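Working notes for the structure below.
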Number of protein chains: 2
Amino acid sequence: MANDGVDKSEETEHMIEKDAARERSNVLGDTKEIRAVILSGFGGLNKLRVAKKAMPEPQEGEVKIRVKACGLNFIDLMVRQGNIENPPKTPLVPGFECSGIVEGLGDNTKGFEIGDRVMAFVNYSAWGEVVCTPMEFVYKIPDEMSFAEAAAFPMNFVTAYMMLFEVANLREGMSVLLHSAGGGVGQAVAQLCSTIPDVTVFGTASSFKHEAIKDSITHLIDRNADYVQDVKRISPDGVDIVLDCLCGENTGKGLGLLKPLGTYILYGSSNMVTGETKSFFSFAKSWWQVEKVNPIKLYEENKVIAGFSLLNLLFKQGRGAQVKAVIDKLMLLYKEKKIKPLVDSLWALEEVKEAMQRIHDRGNIGKLILDVEKSPTPLMANDSTETSEAGEEEEDHEGDNGNKERMPFIQ
Amino acid sequence: MANDGVDKSEETEHMIEKDAARERSNVLGDTKEIRAVILSGFGGLNKLRVAKKAMPEPQEGEVKIRVKACGLNFIDLMVRQGNIENPPKTPLVPGFECSGIVEGLGDNTKGFEIGDRVMAFVNYSAWGEVVCTPMEFVYKIPDEMSFAEAAAFPMNFVTAYMMLFEVANLREGMSVLLHSAGGGVGQAVAQLCSTIPDVTVFGTASSFKHEAIKDSITHLIDRNADYVQDVKRISPDGVDIVLDCLCGENTGKGLGLLKPLGTYILYGSSNMVTGETKSFFSFAKSWWQVEKVNPIKLYEENKVIAGFSLLNLLFKQGRGAQVKAVIDKLMLLYKEKKIKPLVDSLWALEEVKEAMQRIHDRGNIGKLILDVEKSPTPLMANDSTETSEAGEEEEDHEGDNGNKERMPFIQ
C-alpha cells in the first residue's frame, strides 16, 4: 500500500452520514459537507480514514469554527485504542483542540463575531474542516499568533499551568522532575518554569532530542536511564514536584523522589499504550498494577499526590470558567513573549496515521499539528505503518522500531 | 485515689535521673533540678507523674528556656499510648511546644538574648520547668502576647497555615470542611480562613460547643451527624478542601466530598485513640483499615490527597527554615489582630491527667495549656480518671463517659 497510500487516504467515505450517492461523488467543494478524520472503530491505525461528513451547525451557546489547525495529543492515541475511561461510540471524529476562524454563531454567544481568530477545546470532532463547540471553550487569539501555534496552545499550556500553579504551587527555588521533556506538555512546562526565578528542571527524553531541548531543561536524563539515581546524584533530597505522564511503576518512583511537602502529579498514562490494540486489557491491567497509596504514609512523609486530567475537568466536571481564567493568564505571558508553543511538524489530515506513529514512537520535539489546508506529502517507501487492504487485521506493529527519523520535519 | 490525688501528683520521683537522696529531699528550690511531667511507660493516664529531673543545659546552637506555659495536643495522647510511628524510649518528658523566657544560650545562638520572651518547638521534653531546644525552633513573641497564648500558638497555627496555604492553596471563594472545629487546630483554621474573602467553612463539633464557636464557622454540623449528607445538602458540588484529623473511613468520605481540583489533607488520626491502651494494635489496625488510593482514580477525578505532620516536618525532615518563614507571616497576622489563639483552660503540671482526659473526651473549646507556675486545684470527688494504687492496670476507662463537663473552665 506504500505507493497507493495517498490515493487511499484521499478517499472520501461516509462513516457517520451514510450516503452512497455522495460517497462516489468525491466533491470536495460541497458546502453541505466537510472533510474530517474518522475513527471507524477502536484499534490500530487502520481504523482511521479521511471522509466526508455533514456540515455541523451551531446550537444555542455554540460557536462554529472554520478549522485551520488541530492539535494532536497522546490522549488521541489512547482514544483510538479505546484505552480510556468509558469510551464513546464509534464512528467518531477525534480531536480535542483546534484553531481557526469563527464562521457562525448560535444564539446567546455574546462576545464573539464572525471572522474572529480563535482557538478552542472540543469534546471530540476537532479534526475536521468545521467544528462547533460551546463558547465557554473558545478563546480569541492575538494577531501575532499563528494558527499552528494556536492549535498547539490550549491543551499543553493549560495542563502545564494548572499542574504547576494550581495543583503544585510552584515557587521560587523549587525543583521539578518532568518526563517526556521534549513533548508538547514537557516543553510548555519548561517554559512556564522559566518564568519563576531559580527553578531547576530535571527532564527525561530520548537522547537524540537532548541537543534540541538542552536550553529548556536544567538537567537532561536519557529516557532509558535510571532517572531515580540520576536525580538523587544531583539532588540527594529529591525534588519538589514530579509530573508523571507515564504511570505504572513511575508512581512509586516519583513519590520516593519527593521532598517533604512535595507534590506528585499523574497527568497521563502513556506507558499503557504499548501497541496498536492492547487497548482495554492494557488499561485494566495498568489499573491494578499501579501502586495504591496509603494516606497514613503520606501523613508520615508529608507528601502530596494528585491526578490531573484537563479533558475530564472541562467536559465532565464543568470547570470551563476556571480554565478560561488560566487561558487569560497564559495569553498575557504569550504577549510578553515569555512563552511560545513549540511546533514539531505539520501534517495533512490524510497524514494522521503517520503523525500518530511519530508521537507513538516519541519522535516529536514539541507539538504535532494537523494542518487542514495542507496537501498530503507522498508516503515514503519504507513506511511501516501501512495497513493491509482488508484493513481489519489488528497487528501490534507500533512500537520502538528504531525508525524514529523516517518522517521529515516539516517545521 | 480521688482524695489523695493531689498529694500523689505532687510526689517527686526520679524517673530519669535516679538519685535516692534527692528523691526524699523534695526541695523545689533546688537549682540543679527541675519539675517535669514524666511518662514512665506507654499506656494509660497512670503512666504520668510529676517528678524532678536534672536541669538541662544548652548545647551548641541551643536556647535554654525557663518555661511558663506548654501546649497540650492530641498527639500527646497518642505518644502516651505509644500509638505513633517508631515511639521513643521511656521514661520521657512529653510535650512539643512551650513558651517562656530565655535563661541561657549555647554557643552560636546569635539573635537571642537572655530575657527574651519566646515560644518554641521542642522534640519532646517541653512539659518541664526548663527546656533546651535548637535555636531554629525558637521564635520571639510580641510584648502583647501572653505566655498562654504563645504556648497555644506554634503547633496549631503553623499546622493550619501550612495546610491551607502551602499544601492546599486556599483562595477567595473556596470552601473548607473541618473536623473538630472547636479544637485548637480547628479554631486556628477558622481564623485563617476568615483572612481570605468569601471562604465557606463547614465544621463538625460536639453540639454543646456550637454556641461558643458559631461565629467562627459558616455551617456547624454535629459531630455525630452524617456530615457527608449535611455538606451535600448545602453544597451539592462538595468542597475545595477537606482537613481530616480523624482518619479511617473519613478518608474515603472526604475524597468523595471534594470538588474537582480539591485537596484532601490527612493531618491526624484521632479515631485511632479509642481507649487508654489500645496503642500499637490500634495503630496497626488503622493502617490496614484506611482506604488505599489509586492514583488513576485521582487522575480521572482531578483530586489531590495529602498528608501533613508538622512534627515529622520539623524533627525528621529538617524543614525548620520553612516553618520559621511561616511563623514570621503568622506573627504579622497576630500583630494586625487578624488571628488570636483561643485558650480553653490552664492546668498545673500536676493536673496533666485531667487535662488529657478533657482533650480525649473532646471537652475543650480551643487549646489546653499546662501553666508551669500554677498550683493544682483539688480533684473533684466524682473524677473517674483515677488509677489504682498499683498504677499498672491498663483498663479502658477513657472514652465518651458523658462526663465532659466535670472539669471547671479555668479560662
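The values are calculated or read from the model by the stated rules, or taken from the named source; none is laboratory data. Being a predicted model, the structure only gives us computed values, none of them experimental. FYI the Cβ positions are ideal-geometry reconstructions off the backbone, even for glycines, and counts take in every protein chain you see. These area figures cover heavy atoms from the full protein model, side chains too; ligands, DNA and RNA do not enter into them. Shrake-Rupley method; radii C 1.70, N 1.55, O 1.52, S 1.80 Å.
Within the stretch A:154-162, is there a residue that is more than 25 Å from A:SER270 (Cβ to Cβ) and touching a residue at least 40 places away in the same chain (Cβ under 8 Å)? Give the steps one after another, and end with the answer.
We begin by selecting, within the stretch A:154-162, every residue more than 25 Å from A:SER270 (Cβ to Cβ); these are none.
Among the residues of the stretch A:154-162, not one is more than 25 Å from A:SER270 (Cβ to Cβ) and touching a residue at least 40 places away in the same chain (Cβ under 8 Å), which makes the answer no.
Looking only at the stretch B:329-362, count every residue that is free of Cβ contacts under 8 Å to residues at least 24 places away in the same chain and polar (S, T, N, Q) and tell me the total. Please lay out each step first, then the result.
First pass over the stretch B:329-362, keeping only residues free of Cβ contacts under 8 Å to residues at least 24 places away in the same chain: B:332, B:336-337.
Subset that is polar (S, T, N, Q): none.
Final tally of qualifying residues: 0.
More than 11 Å from chain B (Cβ to nearest Cβ), among the hydroxyl-bearing types (Ser, Thr, Tyr) and buried (at least 18 other Cβ atoms within 10 Å of the Cβ): is that true of A:TYR334 in this structure? Before you say what the answer is, go through the steps one by one.
On the way: more than 11 Å from chain B (Cβ to nearest Cβ): yes; among the hydroxyl-bearing types (Ser, Thr, Tyr): yes; buried (at least 18 other Cβ atoms within 10 Å of the Cβ): yes.
Criteria met by A:TYR334.
One residue stands out in the stretch A:337-359 among those that are touching a Ser or Thr at 6+ places or on another chain (Cβ under 8 Å) and more than 30 Å from A:LYS47 (Cβ to Cβ): the one that is least open to solvent (accessible area, probe 1.4 Å), namely A:ILE339.
Is one or more of the residues making up the stretch B:119-139 over 15 Å from the mean Cα position of the chain (by Cα) and within 30 Å of B:ILE217 (Cβ to Cβ)? Even if it seems obvious, please write down each step before you answer.
The initial filter retains those residues of the stretch B:119-139 that are over 15 Å from the mean Cα position of the chain (by Cα), namely B:128-139.
From what is left, the residues that are within 30 Å of B:ILE217 (Cβ to Cβ) are B:139.
Yes: the stretch B:119-139 contains one or more residues that are over 15 Å from the mean Cα position of the chain (by Cα) and within 30 Å of B:ILE217 (Cβ to Cβ).
Among the residues in the stretch A:294-314, are any at positive phi and away from every other protein chain (no Cβ under 14 Å)? No: zero hits.
Just checking, how many residues over the stretch B:51-84 are without any contact (Cβ under 8 Å) to a residue 60 or more places away in the chain and within 27 Å of B:VAL185 (Cβ to Cβ)? Can you show your working first?
Residues of the stretch B:51-84 that are without any contact (Cβ under 8 Å) to a residue 60 or more places away in the chain, as a first pass: B:51-52, B:54, B:60, B:79.
From the residues that got through so far, the ones that are within 27 Å of B:VAL185 (Cβ to Cβ) too are B:79.
Summing the residues that are without any contact (Cβ under 8 Å) to a residue 60 or more places away in the chain and within 27 Å of B:VAL185 (Cβ to Cβ) in the stretch B:51-84 gives 1.
Restricting attention to the stretch B:218-262, which residues are under 21 Å from B:GLN191 (Cα atoms), open to solvent by 10 Å² or more (accessible area, probe 1.4 Å) and of a type in the set (Val, Ile, Thr)? Answer for the stretch B:218-262, where residues must be under 21 Å from B:GLN191 (Cα atoms), open to solvent by 10 Å² or more (accessible area, probe 1.4 Å) and of a type in the set (Val, Ile, Thr): just B:THR218. Return the residues of the stretch A:239-265 that are more than 10 Å from chain B (Cβ to nearest Cβ) and among the aliphatic types (A, V, I, L, M); say none if nothing qualifies. Within the stretch A:239-265, A:VAL239, A:ILE241, A:VAL242, A:LEU243, A:LEU246, A:LEU257, A:LEU258 meet the criteria.
When you look at B:ILE305, is it at pLDDT 95 or above, closer than 27 Å to B:PRO88 by Cα, in a strand (DSSP E or B) and aliphatic (A, V, I, L, M), yes or no? Break it down stepwise before answering.
On the way: at pLDDT 95 or above: yes; closer than 27 Å to B:PRO88 by Cα: no; in a strand (DSSP E or B): yes; aliphatic (A, V, I, L, M): yes.
When the stated conditions are applied, B:ILE305 does not pass them.
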